1. Name the pairs whose Cβ atoms lie under 7 Å apart, with the first residue in segment 389-408 and closer than 15 Å to LYS238 by Cα, the second assigned to a loop (DSSP other than H, G, I, E, B) and hydroxyl-bearing (Ser, Thr, Tyr), and 6 or more positions between them or separate chains?
2. Just to be sure before I move on: is THR478 in contact with a helix residue (DSSP H, G or I) (Cβ under 8 Å, 6 or more places away or on another chain), in a strand (DSSP E or B) and either small (Gly, Ala, Ser) or surrounded by 19 or more Cβ atoms within 10 Å (Cβ to Cβ) (or both) in the structure I sent?
3. Could you list, in sequence order, all residues of segment 234-285 that are within 30 Å of ASP371 (Cα to Cα) and not in a helix (DSSP H, G or I)?
4. Among the numbered criteria (1) modelled with pLDDT under 90; (2) more than 29 Å from PRO209 (Cβ to Cβ); (3) surrounded by 11 or more Cβ atoms within 10 Å (Cβ to Cβ), which one does ARG309 miss?
5. Right, VAL265: buried (at least 21 other Cβ atoms within 10 Å of the Cβ) and hydrophobic (A, V, I, L, M, F, W, C) or not?
6. Considering every residue within segment 45-66, establish whether at least one is on the phi > 0 side of the Ramachandran plot and in contact (Cβ under 8 Å) with a residue 24 or more places away in the chain.
7. Restricting to segment 408-437, give me the number of residues that are more than 25 Å from the chain's Cα centre (by Cα) and within 18 Å of ALA89 (Cα to Cα).
8. Take ILE552 and tell me if it is at pLDDT 85 or above, part of a helix (DSSP H, G or I) and surrounded by 14 or more Cβ atoms within 10 Å (Cβ to Cβ).
Amino acid sequence: MVTRKRTKSDSVSGDFSSLEIPQFINPYLKDAAEFPDLDTLSSILGIKRVEAEKIVKRANEASAGYKVRDVFCTIETREVEKEILQILASYTTTKNGRDKVLTLTPSRDSAELQRRFRAVEESAKLQVLVGDAKIARMREIISDAELAKTSFGKAPLVVSRGTGIGAEIKRIYGEFVHVDIVNSTDKAKELLQNNDNILLVSEEEVEEPGIVNITIDSLSDPCEIYPEFVVNSSIAKKNLIGAILNLLREFDVLKDTSLFKGIQVDDLETVLAVIEKVESVRGRGETNFDDVIYRREEELNKEANRIMRSGGGVDEFKGYLEEVLLSMADELLLPNKDRNVLWESAYANLERGLPFEFSRERIVQLRHRYDRKLRERRYYTLRESAKQLERHREAVSHAIRMLFHFDFMLAVLRFSRDFQLHIPTICEDGFGVITGRNLFLVSEELSGSEKVVPVSYSIGQADLGIFGATPLPVAILTGANSGGKTCLLIMLASSIILTELGLPVPAERAKIPLMPLYFYRRKMIKKTGSFEYSMRALSRIFMREGPKVVLIDELEALTEPGAMGRIMASILNNMPKDTLAVVITHLIHEILPHISMAKVRVDGIESEGLDATGNIIVDRQPMFNHIGSSTPELVIKKLLGKVRKEELRAVYEEIITVLEKERQRLT
């Protein structure tokens, strides 16, 4: 249906630039991208669903004015974003609502993000206003709201007497419409024999069943050329329209919210009525020509036998025959020309006596004309329905967009409640959270794992009133193994990601800047194992101008500690202007001699020994301006408590002694 242009990258983009799109389909593709409806995009464009998802994301990027890669600037950042959106998507009710979540893209435009935050707030107000039971009922209503697959139907045939309009039809309809030339009567008969209808573009009208005369001015109107597609695309939305109407009828309060702003109920009711009428006509079926002929022959023969038994004659039978023929003509909706053929077929064999039989030669001729006329009437009925539906297409599209947005907002509402999320404040010169929690640990907590310990943390000029958090732009986070440093970093990254998606964050209060985020996870370093690769990844921080947020989790495994300490000191000393950074490291003593402390703060997470069961006790709240000890000796002590073999105990005890001496030397 849609062909792919020959391009160097052969990629699919949000504006469909790598595809040759027929003009008539553009409004339907636009709707499918905005709903979003990945299945329809995939079907119409003949592409995989994953490519359709890319199209929607790029369309969303174009709308937001920011590319995902320009806001979430590393693979690890985008991985965290994807993980967050997958959690949120699990809260949606409809498939399209889920796709809306998974194709959500960030923005750094404060006005746009405030608009998204207001939608979250309005959803929360609705929750308070109507209560949990009614919200659950709303979700129940939209649970069946699904876009059905659009049936293309049979491709129409457009013909002309010359070659001039073929290229124009192809430009408008592409492969969705067949084009041919009629230059003889035999060619016209052949086409009529093999096709439902012929849409004839000609200055002179042709009166023949199955030929629909089309003006050149009508070529660009899909309701004229391809009414079946227009009608079927509306039928695919029937359940959605019904769900919207049910919501607004049952919950009048929704009409006063921005969540359903601009929905025209009258338009939706009109469209639903037209759809139901079309389905009713299709469901009834159409009069079968042969059934009528055979039924009437049987009826006429029964009456002829009765007349003969009662002593009646031919004139009496002819009178009855005339009544039957009139009834048949009305039943089959025959025009005058075809009525004459019916009469001829009835009288052709009358003189040979009983049993009565219509002339089979004339009946075959009549059947062909009847079938073509039937298909022609079907076209006109579809065309009228298509024109009615098209008048309300924009209203329907708007309502469906609002429905899927409503599903999305209900998902955000439940997500926010379960994860205790709050709307952040956007700031410029710093970022931080009060009692922030790691989303992924909260997810585990909700599944029955241990309770998450919240922490408060800030960097830069974020005035959150956290005691001891000196407002410097760069922080080095040190401390105990398994103390929560990486979890804290992921919590900070998640809060920035959620803010720039226009969603609430996992903290009681948060101040978040709208800056590109460069998040480097420890697992990336372990995965690549390449010093060169990691240095190239870090170089992106310095290649792009402007403020940014940089979060780095333990680079020390890349090379030997002394060299790595100098490398990290150089990275921190040369952070671009207005950059905010948090770096986790165990090499603080290798870094400190080479670092400028004018803009760097050192924070630490401390362990407090072992509990009665031998587990490490950690205060997960960082201490500001304090070097946290990594305390590997506690890990060895934990292992020592489980060792029985004397040789191994001696090794562990010696390691503990060495580590304690080293700690005393450094302090």
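The values are calculated or read from the model by the stated rules, or taken from the named source; none is laboratory data. Here the structure is a predicted model, which is why all the values come from computation and not from measurement. Here the Cβ is made from the backbone with ideal geometry for all residues, glycine too, and neighbour counts use every protein chain on show.
1. Note: pairs meeting the criteria are PHE404/THR94.
2. yes
3. If the condition is that a residue be within 30 Å of ASP371 (Cα to Cα) and not in a helix (DSSP H, G or I), then ALA236, GLY285 are the ones that fit.
4. The number of the failed condition is (3).
5. No, not satisfied.
6. Step one: of segment 45-66, the residues on the phi > 0 side of the Ramachandran plot are 46, 65.
With the extra rule that they be in contact (Cβ under 8 Å) with a residue 24 or more places away in the chain, the set shrinks to 46, 65.
Checked segment 45-66: at least one residue is on the phi > 0 side of the Ramachandran plot and in contact (Cβ under 8 Å) with a residue 24 or more places away in the chain.
7. Total meeting the criteria: 1.
8. Here the answer is no, as ILE552 does not meet what is asked.
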